[in-house]
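Asks: Let me give you the structure first, and then I'll get to my questions.
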Amino acid sequence: MSGLLSGRRVRVLVVLAAAAIVVAAALFGYRLWYNSLHFVSTNNAQVTAALVQAGSINAGRIISMNVDVGTPVSEGQVIAVVDIPTVLSRSDTTDTSKLGFRDVQDQMAEVVAPVSGVVAARWARQGDTVPAGQPIVTLMDPKQAWVTANIDERDVGRVRSGQFVEVYLDSIGQTLPGRVESVSPVTAGTFSLLPSRNTSGNFNKVSQLVPVKIVLEESYLSLIPGSSVEVKIYVSQSGPG
């Protein structure tokens, strides 16, 4: 009798396990169907920003560097001070001049921020000698940062300007709200308009990606240009809920 009861328990457990698997598979399939109906998603996306180079119009030696990567600056703020070389002596024989630094105030040139923003990169250090026009820092304007998402051409027809977007930034582990601003009229492979040909001489059909510009609803100083993000575009409604 105990063996019979044990066998029944095993069969019940097997049935329950099978039912659980079927339910889980059904829920997973429903979730995939629901997401494909309501969202267009991709992890082929990155932060893009308007970048401005700031450098000295005079060649010289950097005697003061006032900012570093991540430093917020205001338009007109002094980023660095450059000591401009001057003629120390002249040779009457060769008609050449010897340049050097006198460290006098009238030979100092201030490098100021042309726009307000955040220092995204620094290309020189205090003590470096830089030629005229060489960038010393690169500034990013967080108010002019956006996300470029590459959407499969089979899905891009469902994407429209104004649609709500959830943007997940890997760099800060946070989801930010945004909106679709525009859909590019050309694909990301515009310069490869012809499909590739394989060794047999046949053309391979390659699904193209279409860049979509997404603007965030607020400015974030922590954005890193070029960092990877994931986007979920609400194509069937204006936003969550």
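Asks: Working only within region 147-163, note down all residues that are surrounded by 17 or more Cβ atoms within 10 Å (Cβ to Cβ) and not in a loop (DSSP other than H, G, I, E, B).
Replies: Val147, Thr148, Ala149, Asn150, Ile151, Val156
Asks: Please find, within region 134-180, the residue that is modelled with the lowest pLDDT out of those that are closer than 30 Å to Asn66 by Cβ and β-branched (Val, Ile, Thr).
Replies: Ile172
Asks: While we're on this one: Restricting to region 73-95, name every residue that is modelled with pLDDT of 90 or more and surrounded by fewer than 19 Cβ atoms within 10 Å (Cβ to Cβ).
Replies: Ser74, Glu75, Gly76, Gln77, Val78, Val81
Asks: Filter region 164-180 down to residues that are assigned to a strand (DSSP E or B) and either over 17 Å from Thr48 (Cα atoms) or not β-branched (Val, Ile, Thr) (or both), then give me how many there are.
Replies: Total satisfying the criteria: 9.
Asks: Hey, another quick one. Residue by residue through region 37-54, note down the ones that are surrounded by 12 or more Cβ atoms within 10 Å (Cβ to Cβ), over 23 Å from Lys143 (Cα atoms) and either modelled with pLDDT under 60 or more than 19 Å from the chain's Cα centre (by Cα) (or both).
Replies: Matches in region 37-54: His38, Phe39, Val40.
The values are calculated or read from the model by the stated rules, or taken from the named source; none is laboratory data. Note that the structure is a prediction, hence the values are computed from the model and not measured. Cβ coordinates were reconstructed from backbone atoms using ideal geometry, including for glycine residues, and neighbour counts include every protein chain displayed.
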